[in-house]
Amino acid sequence: MRPWEKAIRRVTPYVPGEQPKGGDLVKLNTNENPYPPSPAVLACLRDMDGGSLRKYPDPASSGLTEALGARYGLGAEQIFVGVGSDDVLALSFLTFFNSGQPVLFPDITYSFYKVWAELFGVPYETPPLDENFRIRTEDYAGQNGGVIFPNPNAPTGIYMPLDQVEEILSANRDSVVIVDEAYIDFAGPSAVGLLERYENLLVVQTFSKSRSLAGLRIGFAMGHPRLIRALNDVKYSFNSYTMNMPSQLLGAASVGDEAYFQETVRRIRDTREKAKLRFRGLGFSFPDSQANFLFVTHPGVQARVLFEALKRERIYVRYFDAPRLDNFLRITIGTEQEMEKLFAFLEDFVKKEG
Ligand SMILES: *Cc1c(COP(=O)(O)O)cnc(C)c1O
């Protein structure tokens, strides 16, 4: 090791899903939305005044914040916008988890939480999910430095009803509780409705999945003005101009088209419920996902073998080489045609191998 290398921070980075190049592939590996963004977004893109790129963007993302406030019935002082929810969540770790006490999140969950905890030196504990992959709310009742979990959880897709979310909140009045709602639009009611009663709650959502805008990188947090102010203070201590101007305008255009949003979410939920029947018919089992993906396993076909076979067909799904997960595949809900291609292959493959 060179002397100057001793001063380098060593981290084990998060590994994102593959973004394969080229056409003619079925991409069901990173939970993107298979439908294009709203026509209102595309119109806004066409009409954009490129000349204004000369100037710095609005550091407060006011237009987008106001659009979100109107959509969720909140004031601008209750909303923080960031560069994807990954940015919002990373800043939240930096801002809220400084007590020195361990932060709690499930052992099986979004694997970025552990990476941020390590990066920022936040101690953490990971209570195990039960044998059905469910979060045990009683594991989140002890002293802690904060709580974070996705609802629905990833990669299981399991949605936790709000009375259970509230159990965790009421047991944690003294620490910040973050509910990562990346997939909430495909599931049940959001914890946003609990903000009135819990000032220590932060609800984080994203435009990447239900709004078909993963490429723009827009995420946001909703919470008590004190939490939002604290996030802004840290953001302005880091980089004032995180959100670029086109993303601010296009994001607001997306929020303005509620009908298109509802329609694409409905289509994905319909396809998901049909896919559950097809998978079950082929002998797969899976938790009852309320997200835009299914987490499937088969008694006669090894997940890794199936993953490789699908890839040879240019059908990309996600495989996690980790304890308890390594015989499952996480498969994003695509269009009806994409799912047809998947099932045509699976019917053949399961008959031969299963
Ligand atoms: C996709 C995802 C995110 C990150 O979304 P971006 O807004 O694209 O950064 C955060 N949390 C969970 C659980 C996710 O699945």
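Quick look at the numbers
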| quantity | calculated |
| --- | --- |
| Evaluation of Pro123 against (1) over 16 Å from Gly223 (Cα atoms); (2) surrounded by fewer than 23 Cβ atoms within 10 Å (Cβ to Cβ); (3) in contact (Cβ under 8 Å) with a residue 60 or more places away in the chain (one fails), failing number | (3) |
| Residue tally, condition buried (at least 18 other Cβ atoms within 10 Å of the Cβ), touching a Phe, Trp or Tyr at 6+ places or on another chain (Cβ under 8 Å) and part of a helix (DSSP H, G or I), over the stretch 95-114 | 2 |
| Residues of the stretch 68-87 satisfying the condition of being within 15 Å of Thr206 (Cβ to Cβ) and buried (at least 17 other Cβ atoms within 10 Å of the Cβ) | Leu68, Tyr72, Ile79, Phe80, Val81, Gly82, Val83, Gly84, Ser85, Asp86, Asp87 |
| Test set (1) within 22 Å of the chain's Cα centre (by Cα); (2) in contact (Cβ under 8 Å) with a residue 12 or more places away in the chain; (3) over 20 Å from Ser38 (Cβ atoms) - Phe279 fails condition number | (1) |
| Filter pass, Asp47 being acidic (Asp, Glu), over 23 Å from the mean Cα position of the chain (by Cα) and more than 30 Å from Glu313 (Cβ to Cβ) | yes |
| Residue identified as surrounded by fewer than 23 Cβ atoms within 10 Å (Cβ to Cβ), in a loop (DSSP other than H, G, I, E, B) and modelled with pLDDT under 95 among Gly215, Gly142 | Gly142 |
| Yes/no for Gly223 being within 15 Å of the ligand (Cβ to nearest atom), crowded, with 17+ Cβ neighbours inside 10 Å and of a type in the set (Gly, Ala, Ser) | no |
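The values are calculated or read from the model by the stated rules, or taken from the named source; none is laboratory data. The structure displayed is predicted, hence computed values, not measured ones. Methodologically, a virtual Cβ is constructed for each residue, glycine included, from the backbone with ideal geometry; neighbour enumeration extends over all protein chains shown.
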